[in-house]
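Notes for the one structure printed next.
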Amino acid sequence: MPVKICILRIEGTNCELETFLSFKRLGAAAAAEIVHLKQLIGAVKEREKRNLKDYDLLVIPGGFSSGDYIRAGAILAARIKGALGKEIVDFVRTGNPILGICNGFQVLVEMGLLPGFGAAHEEIEMQQAALTTNDSARFECRPAFIKHENRGNCVFTRGIEKGRILKMPCAHAEGKFFIDERNRETYIQLLEENDQIVFRYVGPDGNYASYPWNPNGSIYNIAGICSPEGNILGLMPHPERAFYAFMDPEWSRSARGRGKDGEKEKGDAYGDGDGKKIFEAVLNYLRL
Amino acid sequence: MTIEVDVTIKLKHGVTDPEGENTKKALSLLGFKNVRSVKTMKTFRIEIEPEKESGDEEKVKHEVEEMCRKLLANPVIHDYEINVVKW
C-alpha cells in the first residue's frame, strides 16, 4: 500500500502549501494531499469525500484556524473532536503519526492529545496543558534555536542526534507552554520519564536561556513535545520554513563571509535547512 | 422569546496575564499612577432559544456549562462565570 499523507486545512490555516511542498521536495508529492476538514466530515460532494482511515499520516499545519478566535486552535480542536473524535482515536491507536506545527500544536493540546498522559486513549483525554499568551504579549516572529532532547521515542526526530541545536523560525502570539502550578512538577517529571520532551529553546551558545531566546516564556523552555508513544509531535517553530539553507535569514550574509568561491556558494543555497530532517524522518518511518 | 446569557472567561489565579500587565504599564505612562493592577477577561453574550415556552433556567445553565467545557474555556488556565442577563 502506498503511503498517504493528509494535510488538514480549514478556514484560516495558511501553512498547508509550504507543508505540502516539504513533502513534495522529498519525492512524496503523490502521497501528500491537502484535505479540507469538510471532506473528512462528509459535508461535500461524493467525489470530494475523504476518509481519515485511508491516510497514514495526519499533519495539522500552521496558521490561524478560524481566526484564532476564542483561543488559538480552540475552534478547530472542538470541531475535530466533535465530528471526528472516534476516527482520531482509532487513527492514533493504530500507531499512525500526527504532526502539529504551530497552530497545529495548539490544536493537539486543546484536543488533549498532547501531552496525552494516560496512554490507553480510551477516549480523547482532558486538557492537561495549555499554550497560552506569550509573556511579552506580542506576536513573536523570528528564528529560534531549539535543542533536540529526545532519546529516540519520537518518530519525527529519529535521525537527529540528541543534543543537536536546530534553527527554525517561530511565529506565534500564543505559544507559552503552560502547566498549572499544582501539577507542574509531576507533569514535567512524567514528560522526562516518558521521553516526551522533544525540543527546548536555547540561546545561540546552546544553554537554556530566557527571553528573547525563549520567545514566549514557556515553562521548562519547552518548544515541542510528543505523546508517550512517540507518534504524535507538536512543536511551535516551523520546520517547513527551514527546509533549505537559504531560508535562514542569515544565510546570504554568512555565505558571503564564507569565501571567494562564488559558484560553490550558490550551490549551497539548496543545502539542507534544519527543518528538512523532520519530514525525512517521518517519511522513513512510514516507509518501513 | 430568547434568553441572554453572559459567559465571562477569566484567567485562573496564578496564571500570568501579559495583556493586563502591559495595559497597566501603558496606563501609568499616560499618567494614571494609582492603577494597582489590570486584569483582562472575555465575555461572550449568548442568545439562546429555549426548547419549550417553559424552558427552565437550570437546563439552559447546564447547556451553557457544556459550551464552556467543550469550547469557550480551557480548564488548565481559565475559570468561567455564567450569568443570565435577560430571561
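The values are calculated or read from the model by the stated rules, or taken from the named source; none is laboratory data. Since this is a predicted model, take the numbers as computed values, not measurements. Reconstructed Cβ throughout: ideal geometry from the backbone, glycine too, with neighbour counts over all protein chains shown.
Restricting attention to the stretch B:13-35, does a residue exist that is in contact (Cβ under 8 Å) with a residue 24 or more places away in the chain, crowded, with 16+ Cβ neighbours inside 10 Å and either more than 10 Å from chain A (Cβ to nearest Cβ) or out of contact with any strand residue (DSSP E or B) (no Cβ under 6 Å at 6 or more places or on another chain) (or both)? Checked the stretch B:13-35: at least one residue is in contact (Cβ under 8 Å) with a residue 24 or more places away in the chain, crowded, with 16+ Cβ neighbours inside 10 Å and either more than 10 Å from chain A (Cβ to nearest Cβ) or out of contact with any strand residue (DSSP E or B) (no Cβ under 6 Å at 6 or more places or on another chain) (or both).
Step by step: first the residues of the stretch A:201-241, then only those that are of a type in the set (Gly, Ala, Ser) and surrounded by 24 or more Cβ atoms within 10 Å (Cβ to Cβ), then the one that is farthest from A:Leu21 (Cα to Cα). Which residue is that? Here the answer is A:Ser227.
Considering B:Lys24, B:Lys61, B:Lys33, which residue is closer than 30 Å to A:Tyr211 by Cβ, of a type outside the set (Phe, Trp, Tyr) and in a helix (DSSP H, G or I)? Before the answer, list the steps.
Details: B:Lys61 fails: closer than 30 Å to A:Tyr211 by Cβ; B:Lys33 fails: in a helix (DSSP H, G or I).
After applying the criteria, what remains is B:Lys24.
If you check A:Val198 against the conditions, is it out of contact with any helix residue (DSSP H, G or I) (no Cβ under 9 Å at 6 or more places or on another chain), in contact (Cβ under 8 Å) with a residue 12 or more places away in the chain and surrounded by 19 or more Cβ atoms within 10 Å (Cβ to Cβ)? So A:Val198 fits the description; yes. Determine, yes or no, whether B:Phe44 is in contact with a strand residue (DSSP E or B) (Cβ under 8 Å, 6 or more places away or on another chain) and not aliphatic (A, V, I, L, M). For B:Phe44, the condition - in contact with a strand residue (DSSP E or B) (Cβ under 8 Å, 6 or more places away or on another chain) and not aliphatic (A, V, I, L, M) - is met.
B:Glu21: under 30 Å from A:Arg79 (Cα atoms) and out of contact with any helix residue (DSSP H, G or I) (no Cβ under 7 Å at 6 or more places or on another chain), yes or no? Working first, answer last.
Details: under 30 Å from A:Arg79 (Cα atoms): no; out of contact with any helix residue (DSSP H, G or I) (no Cβ under 7 Å at 6 or more places or on another chain): yes.
No.
When A:Tyr208 is tested against the conditions (1) under 30 Å from A:Gly67 (Cβ atoms); (2) in contact with a strand residue (DSSP E or B) (Cβ under 8 Å, 6 or more places away or on another chain); (3) more than 11 Å from chain B (Cβ to nearest Cβ); (4) among the hydroxyl-bearing types (Ser, Thr, Tyr), the lone failure is (1). Among the candidates B:Thr16, B:Thr8, the residue that is hydroxyl-bearing (Ser, Thr, Tyr), part of a loop (DSSP other than H, G, I, E, B) and under 25 Å from A:Glu181 (Cβ atoms) is uniquely B:Thr16.
Of the set (1) free of Cβ contacts under 8 Å to residues at least 12 places away in the same chain; (2) in contact with a Leu (Cβ under 6 Å, 6 or more places away or on another chain); (3) of a type outside the set (D, E, K, R), all apply to A:Ser210 but (2). Within the stretch B:49-63, the residues that satisfy the criterion of being of a type outside the set (D, E, K, R) and either surrounded by fewer than 16 Cβ atoms within 10 Å (Cβ to Cβ) or at pLDDT 95 or above (or both) are B:Ser54, B:His62. For the stretch A:212-241, a residue qualifies if it is closer than 12 Å to A:Arg200 by Cα, of a type outside the set (S, T, N, Q) and more than 16 Å from the chain's Cα centre (by Cα), and the qualifying residues are A:Trp213, A:Pro215, A:Gly217, A:Ile219, A:Tyr220.
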